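Undergrad: Questions regarding the structure given below will be posed in turn.
The values are calculated or read from the model by the stated rules, or taken from the named source; none is laboratory data. Model, not experiment: these values are computed from the prediction. Cβ placement follows ideal geometry from the backbone for every residue including glycine, while neighbour counts extend to all protein chains displayed.
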Ligand code: SF4
Ligand code: SF4
Ligand code: SF4
Ligand code: SF4
Ligand code: FES
């Protein structure tokens, strides 16, 4: 066993989970409130900072409300953790974990940077460089539905139950569209290793922006037609998979009180909350990785900022990470922007969209891609 | 003040009916009816102030003006008169309005109450009445039940055209121990004057001065002090005469009126208790032409302050080592039951009260029968009768006690006292009686008892001597029935909730019987009455609902009620409507 | 009779939902950008910023009792406000003014006057109904307390908040 590999993997796990994903979740919750506030011409949380008055000072330091997530977290920790009498205890406790864990697990295969040089060794910035990346992501993330279904069932109460049922049917429906829409992408790459997919885009132009390297071919530009279709279906399906508005029917408060987590409170509720945001982050990262070149910097190839340049240049590695996070953040903003714009779908509309349109279109899209790949060289 | 239908003796002889046109409609009324009464029967309200069916009708307020017309008579040389579409002679309307309170109807006349003429008249009368009337409504006790307010809303002009200064008159003047007069508010209807002279035979009121300066006042060196003075407050249509006791205590629109009867004496005057949030604010007479007409004595109506007083018993107490300590009902009942079970039936005496309801008396009787007690009596309580309503018997339910307990009030009291002296009676249950007062027991006699079970509404001297004390509900806090001196069965209703842990007498007796014998099955006052009706023949077939608000004649008596006798007389003479 | 609202006919493009979706996104993004540029701000930061200065004349804050220019309690305990108050916030115990009092002529005044500010809905009915112009809604809106009892304004507090009001109808004018 290579000790260095183990230690570096451990460090990567720790840094990514506790240094990137969880803080990002926290920031997302603040961002969500801020974005919604700005869209609605409000101010949003701007009070919580350093409570200097507690230490006898005249004024608090507000810090633009940036400490709000901390306060929220503290509140969740300190609230009464109430377990209703009528629930099935074991599953009731299990469900929140089942939601959060898959969301965090999928992070493992996503390359969040090219590589970075530490102690003279080149470390690839991905926790597990699996050669079945997208499959792993789909396999694990679809486990998340168990958490929600369990929560709905174990709560032993009608609203959570309805939320759970909705959630499972919604996730199963959209997983099909999700899977089919990603096939054209994999056909083009002919590879399932997310790391090599990104490296390919870094060298030959992003899938949706083939502007350098071997990107300047007729085939790549004609392929944009099926790819844009794939992209749209994929993105919309991610919305549905993560239960985000306009597809947040499992927790639709106008009909179901709070959906599957109605009976949850305190930290158990917070886990659902974290799970949802983590899933959103992972979803964004996946989209970015597949379609928008992951960590690659546009024209980095020519600017001396390509994958190869990271070798021996630690700051290029960091730049890649920064680039990746920026893209993901932009996508998260898009998620929020949509949430505060589009009204929620009706459940039948949701099902119709998934089964009648996306499924068929995605299927046809696979053939279209194959045709183009065959005919246009 | 509608004349309530009373069950009368033999069927009245058929009366002559006359045809009268009321607001264009032909109706039939008994001959000789006053217009205002005929209109009332036709459900047409005529505003009025001075008219009162129980008093003579001077016709001095002019508020009741209506337009009248006589049937046309054939013109000379004509045989037929003109007919309207109903075949009645055409009505020749009089150009002058007439008062409805003092005129009677006759065949073929017409009355209009809403014509322009009548409305103008009412407007004019209202304006005159209000010229000098002060804007006192915010501090006037009558507000809310004031004839002047009501009719000025309906018939007044809304604003005043009077620009001169209003006439000043005495305000806030005490004209008797219980009456406060505000002369500015008086509208000179003279109802109060007529009441004092015609009903109370104490003519102390009168008008002095003239025109706008007329004031109502007492005769020199006299005051309005008779025992019926507060009735003038009821009949005064405005806030001129007000009760000093009720003055400024609560606005009338907040009061909840509970129909019940007065328990001050055996007359059983019908009354209404006005209460708000469990506080009694006033008691007013309720018309019952078989009992109290429309009146009530001052004494009865003011005797409610003890209900909310500090002297009330609010918790059962037990005496241990000479000291009373608060106890739960359960413990107190258990202790009483143990004491009763320990004693021989011959060692027990029950002193009940003529102030208890029939239901309570019935349960007392049942308890006595269950225990085998024969020493059972009530305390007679007599005072002076007047020639009006007040009865010499101060117990409101002596008739009920005679009927249900089957005793002669007071006949056993001496025997019981003697037996206590001799140590033959060791246990006494005293129900709603202070043994040291009217009952005439002495402290030494009470001291000889092993157990004294005392149930009462107020803390008093014999409670101190008792081993167990139970707090009871007053007349205003419980339901039940009583039989008055003329044998009428009437209902008591609860206006307020019992204070503290006090309970209705029937509940106490039921629980005590239960604790002693284990018998039960009575959950409501209705149940108790049902059992009573099954057990006592006089009550057969009755239930609380059937008794109604005005009561039912139950027993035959030869008693007469002075006020009603005189009223009948005046009615026969046509002085009053009655 | 049943009437079926005709649905608008949508073109194929409209039926894809995209044009409206993009239109909506444009609108919200517009708001977002304007706000970030600092143009769309309408919120006030209470309590640092207060709008006390711009309170309109008719603003309805806490109800209070007032005295007249002779320091006479205007209220005569007519209890009309108690009657009209929709949430029954007002409780009044009336009393007769003792003969020795300067204003004995007025005869009646409140012995106790309490307004439960937890119940009060600031509707202003009491002010409107008062025949004596004794109760007014002032501009105080920050009525706070740490106990329920503190939130019940008694007579003293009500007069404290209300102060003196001059120049209104004085029906105890000897000429009237
Ligand atoms: S008598 Fe009637 S009208 Fe006159 S002040 Fe009193 S309530 Fe008002
Ligand atoms: S005091 Fe009342 S009852 Fe007597 S005359 Fe005046 S208004 Fe009539
Ligand atoms: S403002 Fe309205 S709710 Fe408040 S005390 Fe006055 S009447 Fe009652
Ligand atoms: S309405 Fe006016 S005068 Fe009457 S009790 Fe209320 S505050 Fe006092
Ligand atoms: S009621 Fe007829 S004149 Fe007064």
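Undergrad: Is there a residue in region B:257-271 that is surrounded by fewer than 20 Cβ atoms within 10 Å (Cβ to Cβ), within 16 Å of ligand 1 (Cβ to nearest atom) and not in a loop (DSSP other than H, G, I, E, B)?
TA: Just the residues of region B:257-271 that are surrounded by fewer than 20 Cβ atoms within 10 Å (Cβ to Cβ), to begin with: B:257-259.
So of that shortlist, the ones also within 16 Å of ligand 1 (Cβ to nearest atom) come out as none.
No: zero hits.
Undergrad: Select, from C:97, C:84, the only residue that is surrounded by 12 or more Cβ atoms within 10 Å (Cβ to Cβ), out of contact with any strand residue (DSSP E or B) (no Cβ under 7 Å at 6 or more places or on another chain) and within 14 Å of chain B (Cβ to nearest Cβ).
TA: Going through C:97, C:84 in turn, just one is surrounded by 12 or more Cβ atoms within 10 Å (Cβ to Cβ), out of contact with any strand residue (DSSP E or B) (no Cβ under 7 Å at 6 or more places or on another chain) and within 14 Å of chain B (Cβ to nearest Cβ): C:84.
Undergrad: Being under 21 Å from residue A:110 (Cβ atoms) and either in a helix (DSSP H, G or I) or modelled with pLDDT of 85 or more (or both) is the filter here, so list the residues in region A:131-152 that pass it.
TA: Once the filter is applied, which keeps residues that are under 21 Å from residue A:110 (Cβ atoms) and either in a helix (DSSP H, G or I) or modelled with pLDDT of 85 or more (or both), region A:131-152 yields A:133, A:134, A:135, A:136, A:137, A:138, A:139, A:140, A:141, A:144, A:145, A:147.
Undergrad: Same structure again: Filter region B:157-179 for residues that are more than 20 Å from residue C:132 (Cβ to Cβ) and surrounded by fewer than 19 Cβ atoms within 10 Å (Cβ to Cβ) and give the result.
TA: Scanning region B:157-179 gives B:157, B:161, B:162, B:163, B:164, B:165, B:167, B:168, B:170, B:173, B:174, B:177.
Undergrad: Between a residue in region B:140-151 that is in contact (Cβ under 8 Å) with a residue 40 or more places away in the chain and within 12 Å of chain C (Cβ to nearest Cβ) and any residue that is in a helix (DSSP H, G or I) and within 10 Å of ligand 2 (Cβ to nearest atom), which pairs come within a Cβ distance under 7 Å, given they are 6 or more apart or on different chains?
TA: The qualifying pairs are B:140/B:185.
Undergrad: Separate question: Has region A:13-26 got at least one residue that is crowded, with 17+ Cβ neighbours inside 10 Å and either closer than 23 Å to residue C:38 by Cβ or within 13 Å of another protein chain (Cβ to nearest Cβ) (or both)?
TA: The answer is no, given that none of the residues of region A:13-26 is crowded, with 17+ Cβ neighbours inside 10 Å and either closer than 23 Å to residue C:38 by Cβ or within 13 Å of another protein chain (Cβ to nearest Cβ) (or both).
Undergrad: Inspect all residues belonging to region C:127-135 and state whether any of them is surrounded by fewer than 18 Cβ atoms within 10 Å (Cβ to Cβ), within 16 Å of ligand 1 (Cβ to nearest atom) and assigned to a loop (DSSP other than H, G, I, E, B).
TA: Yes; the residues of region C:127-135 include at least one that is surrounded by fewer than 18 Cβ atoms within 10 Å (Cβ to Cβ), within 16 Å of ligand 1 (Cβ to nearest atom) and assigned to a loop (DSSP other than H, G, I, E, B).
Undergrad: Residues that are away from ligand 5 (no atom under 16 Å from the Cβ), without any contact (Cβ under 8 Å) to a residue 24 or more places away in the chain, more than 24 Å from the chain's Cα centre (by Cα) and surrounded by fewer than 21 Cβ atoms within 10 Å (Cβ to Cβ): does region B:190-203 have at least one?
TA: no
Undergrad: Name the residue, out of C:105, C:111, that is under 17 Å from residue B:245 (Cα atoms), outside any loop (DSSP other than H, G, I, E, B) and more than 7 Å from chain B (Cβ to nearest Cβ).
TA: Testing whether each residue is under 17 Å from residue B:245 (Cα atoms), outside any loop (DSSP other than H, G, I, E, B) and more than 7 Å from chain B (Cβ to nearest Cβ) leaves just C:111.
Undergrad: Scan region B:229-245 for residues that are assigned to a strand (DSSP E or B) and either within 16 Å of ligand 3 (Cβ to nearest atom) or within 14 Å of chain C (Cβ to nearest Cβ) (or both) and jot them down.
TA: Matches in region B:229-245: B:242, B:243.
Undergrad: Now, a different point. With the structure loaded, tell me whether residue B:261 is under 21 Å from residue B:199 (Cβ atoms), within 18 Å of the chain's Cα centre (by Cα) and away from chain C (no Cβ under 14 Å) or whether it fails that test.
TA: Judged against the criteria, residue B:261 is a match.
Undergrad: Go over the candidates A:274, A:292 one by one and state the one that is surrounded by fewer than 23 Cβ atoms within 10 Å (Cβ to Cβ) and touching a residue at least 60 places away in the same chain (Cβ under 8 Å).
TA: Of A:274, A:292, the one residue that is surrounded by fewer than 23 Cβ atoms within 10 Å (Cβ to Cβ) and touching a residue at least 60 places away in the same chain (Cβ under 8 Å) is A:292.
Undergrad: Do we find that residue B:82 is away from ligand 2 (no atom under 16 Å from the Cβ) and modelled with pLDDT under 90 in this structure?
TA: So residue B:82 fits the description; yes.
Undergrad: For region A:31-61, name all the residues that are in contact (Cβ under 8 Å) with a residue 40 or more places away in the chain and closer than 22 Å to residue A:328 by Cβ.
TA: Once the filter is applied, which keeps residues that are in contact (Cβ under 8 Å) with a residue 40 or more places away in the chain and closer than 22 Å to residue A:328 by Cβ, region A:31-61 yields A:31, A:32, A:35, A:36, A:39.
Undergrad: Please report, ordered by residue number, the strands (runs of 3 or more DSSP E) entirely within region B:18-125 with at least 1 residues that are within 16 Å of ligand 5 (Cβ to nearest atom) and in contact with a strand residue (DSSP E or B) (Cβ under 7 Å, 6 or more places away or on another chain).
TA: Of the strands (runs of 3 or more DSSP E) lying wholly inside region B:18-125, those with at least 1 residues that are within 16 Å of ligand 5 (Cβ to nearest atom) and in contact with a strand residue (DSSP E or B) (Cβ under 7 Å, 6 or more places away or on another chain) span B:65-71, B:110-112.
Undergrad: On to the next question. Of all residues in region A:35-53, which are within 13 Å of chain C (Cβ to nearest Cβ) and farther than 15 Å from residue A:70 by Cα?
TA: Passing the criteria: A:35, A:36, A:37, A:38, A:39, A:40, A:41, A:42, A:43, A:44.
Undergrad: Would you confirm, using the coordinates I've provided, whether residue B:162 is more than 16 Å from ligand 3 (Cβ to nearest atom), within 14 Å of chain C (Cβ to nearest Cβ), touching a helix residue (DSSP H, G or I) at 6+ places or on another chain (Cβ under 9 Å) and more than 25 Å from residue C:108 (Cα to Cα)? Steps first, answer last, please.
TA: Numbers: more than 16 Å from ligand 3 (Cβ to nearest atom): yes; within 14 Å of chain C (Cβ to nearest Cβ): yes; touching a helix residue (DSSP H, G or I) at 6+ places or on another chain (Cβ under 9 Å): yes; more than 25 Å from residue C:108 (Cα to Cα): yes.
Criteria met by residue B:162.
Undergrad: Okay, moving on. Specify which of the listed residues (C:159, C:122, C:141) is more than 14 Å from chain B (Cβ to nearest Cβ), under 25 Å from residue B:136 (Cα atoms), away from ligand 2 (no atom under 16 Å from the Cβ) and out of contact with any helix residue (DSSP H, G or I) (no Cβ under 6 Å at 6 or more places or on another chain).
TA: Only one candidate passes the filter, namely C:159.
Undergrad: Would you say residue B:117 is out of contact with any helix residue (DSSP H, G or I) (no Cβ under 8 Å at 6 or more places or on another chain) and within 16 Å of ligand 4 (Cβ to nearest atom)?
TA: Values: out of contact with any helix residue (DSSP H, G or I) (no Cβ under 8 Å at 6 or more places or on another chain): yes; within 16 Å of ligand 4 (Cβ to nearest atom): no.
No: the conditions fail for residue B:117.
Undergrad: Go through the residues of region C:59-67 one by one and say whether even a single one is within 10 Å of chain B (Cβ to nearest Cβ) and within 16 Å of ligand 4 (Cβ to nearest atom).
TA: no
Undergrad: Filtering region B:118-154 down to residues that are more than 13 Å from ligand 1 (Cβ to nearest atom) and buried (at least 17 other Cβ atoms within 10 Å of the Cβ), which residue is farthest from residue C:109 (Cα to Cα)?
TA: The qualifying residue farthest from residue C:109 (Cα to Cα) is B:118.
Undergrad: Next question, about the same structure. Whether any residue in region C:26-40 is surrounded by 13 or more Cβ atoms within 10 Å (Cβ to Cβ), in a loop (DSSP other than H, G, I, E, B), facing chain A (nearest Cβ under 9 Å) and free of Cβ contacts under 8 Å to residues at least 24 places away in the same chain is what I want to check.
TA: yes
Undergrad: Let me ask something additional. Out of (1) in contact with a helix residue (DSSP H, G or I) (Cβ under 7 Å, 6 or more places away or on another chain); (2) more than 14 Å from every other protein chain (Cβ to nearest Cβ); (3) crowded, with 20+ Cβ neighbours inside 10 Å, the odd one out for residue A:108 is which?
TA: Result: residue A:108 passes all but (1).
Undergrad: The conditions are (1) away from ligand 4 (no atom under 12 Å from the Cβ); (2) over 12 Å from the mean Cα position of the chain (by Cα); (3) farther than 30 Å from residue B:180 by Cα, and residue C:120 fails exactly one of them. Which is it?
TA: Against the list (1) away from ligand 4 (no atom under 12 Å from the Cβ); (2) over 12 Å from the mean Cα position of the chain (by Cα); (3) farther than 30 Å from residue B:180 by Cα, residue C:120 comes up short only on (2).
Undergrad: Take residue B:367 and tell me if it is outside any loop (DSSP other than H, G, I, E, B), under 19 Å from residue B:490 (Cβ atoms) and touching a strand residue (DSSP E or B) at 6+ places or on another chain (Cβ under 9 Å).
TA: no
Undergrad: Looking for something farther than 27 Å from residue B:552 by Cα, in contact with a strand residue (DSSP E or B) (Cβ under 9 Å, 6 or more places away or on another chain) and away from ligand 4 (no atom under 16 Å from the Cβ) - is there at least one such residue anywhere in region B:249-258?
TA: yes
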